[in-house]
Amino acid sequence: MISAENDPDVGPVAGATAKKLRIGLHVPYAANDVTLRIMEPSGPVLGTVITAMGGTGTDYFTTYGTAQVIVNSLLAYGFRVIDRKWAGEGWFGVSAPFEISHERCVLMFRWVRSNYAGRLIVLGQSGGAEEVARYLAHYDGGDVLDRAVMSCGPVMAHLQYACGVAPPEWVDQHKKLVPPGLSIDLMHASGGTLCPIMPVGASRGTLVRSSLLYSGVTLRYPKTFVHFVFGRDDTTAAHAHGIKFARSVESRKTIEWAPGSHLLYESAAGRAAMLAAVVAGLKQPAV
């Protein structure tokens, strides 16, 4: 269930408006709010881009000056930009099981699709890339999105490896996934900072079922072109988990590396790569 109302948090872009969506989940799980800053280009609208910042989604892209550069550039190209920010714990946390909490994102994406016609592209950074990847893999988002751009993510391909010491086979696989010439500190491959989102003492089975690459997920998206951009200097667990998902996608995709860290939008070359990945969507027909 979704209810929508106008919101005063319009952000730094002149002429922007904002909507607050209250998204209900299954009883007994509490509803959560997501605020959408809606920014229109000065000329004809060529498409809509949803921007999804990382972590649990509790910041806007336009919260960060360097990320706002990308937003400004998208507007200059002629895109409508919808910049989302989740309230409270964000789109996932300890208040609901993972498979339930992510339905918040699904309902948000569907609301945007039902209210804005034309080309629809999503740009997700880190945890925002996870948000996009789960929509594609677990909820048939490939029937809705024209293009999905994931920067430095997704981050939870295998939660059973993220919570605890990575086993030798994951470390070996991690080495093979990273292109020649890139050096990633393998101590980060386990990514233990993700563990607080899981229930205390969660079993390995729970972690496996909560992973992005759980058995049986959808990995072919005939209607959606998927573009991955990784930072060459990203030493976080996101690099390993993101590449694993990227390699697993069975339909049209591009995987590239740009100069920069995990916060790819902080480097000029990283911003340029992220922007180019989105703008390339103008060359493909809308779903």
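The values are calculated or read from the model by the stated rules, or taken from the named source; none is laboratory data. Since we're looking at a predicted model, the values are computed, not measured. Here Cβ is always computed from backbone atoms with ideal geometry, including for glycine, and neighbour counts include all displayed protein chains.
Which count do you get for residues in segment 24-63 that are of a type outside the set (S, T, N, Q) and either touching a Leu at 6+ places or on another chain (Cβ under 6 Å) or surrounded by 17 or more Cβ atoms within 10 Å (Cβ to Cβ) (or both)?
Number satisfying all stated conditions: 18.
Would you confirm, using the coordinates I've provided, whether residue 82 is closer than 13 Å to residue 36 by Cβ, aliphatic (A, V, I, L, M) and out of contact with any Phe, Trp or Tyr (no Cβ under 7 Å at 6 or more places or on another chain)?
yes
Among the residues of segment 16-42, count how many are among the small types (Gly, Ala, Ser), more than 22 Å from the chain's Cα centre (by Cα) and at pLDDT below 95.
Matching residues across segment 16-42 total 1.
Got a sec? Which helices (runs of 4 or more DSSP H) wholly within segment 168-287 have at least 3 residues that are at pLDDT 90 or above and of a type outside the set (A, V, I, L, M)?
Ranges flagged: 237-248.
Residue check, residue 130 against (1) at pLDDT 95 or above; (2) buried (at least 23 other Cβ atoms within 10 Å of the Cβ); (3) touching a Pro at 6+ places or on another chain (Cβ under 6 Å), all met but one. Which one?
Status for residue 130: all satisfied but (1).
Condition first: without any contact (Cβ under 8 Å) to a residue 60 or more places away in the chain and within 23 Å of residue 147 (Cα to Cα). Now tell me which residues in segment 1-41 satisfy that.
35, 37, 38, 39, 40, 41
Taking the condition in contact with a helix residue (DSSP H, G or I) (Cβ under 7 Å, 6 or more places away or on another chain) and surrounded by fewer than 24 Cβ atoms within 10 Å (Cβ to Cβ), does residue 106 pass?
Here the answer is yes, as residue 106 does meet what is asked.
Of all residues in segment 1-23, which are among the small types (Gly, Ala, Ser), surrounded by 14 or more Cβ atoms within 10 Å (Cβ to Cβ) and farther than 20 Å from residue 128 by Cα?
The one that is among the small types (Gly, Ala, Ser), surrounded by 14 or more Cβ atoms within 10 Å (Cβ to Cβ) and farther than 20 Å from residue 128 by Cα: 16.
Please determine whether any residue of segment 126-139 is among the polar types (S, T, N, Q) and under 26 Å from residue 260 (Cβ atoms).
Yes - at least one qualifying residue is present in segment 126-139.
Being over 23 Å from residue 11 (Cβ atoms) and either free of Cβ contacts under 8 Å to residues at least 12 places away in the same chain or touching a Phe, Trp or Tyr at 6+ places or on another chain (Cβ under 6 Å) (or both) narrows it down to one of 71, 106, 94, 144, so name that one.
Of 71, 106, 94, 144, the one residue that is over 23 Å from residue 11 (Cβ atoms) and either free of Cβ contacts under 8 Å to residues at least 12 places away in the same chain or touching a Phe, Trp or Tyr at 6+ places or on another chain (Cβ under 6 Å) (or both) is 106.
Which one of these does residue 101 not meet: (1) at pLDDT 95 or above; (2) surrounded by fewer than 24 Cβ atoms within 10 Å (Cβ to Cβ); (3) closer than 21 Å to residue 31 by Cα?
So residue 101 meets the others, but not (1).
Scan segment 254-287 for residues that are surrounded by 17 or more Cβ atoms within 10 Å (Cβ to Cβ), out of contact with any Leu (no Cβ under 9 Å at 6 or more places or on another chain) and basic (Lys, Arg) and jot them down.
None; the set is empty.
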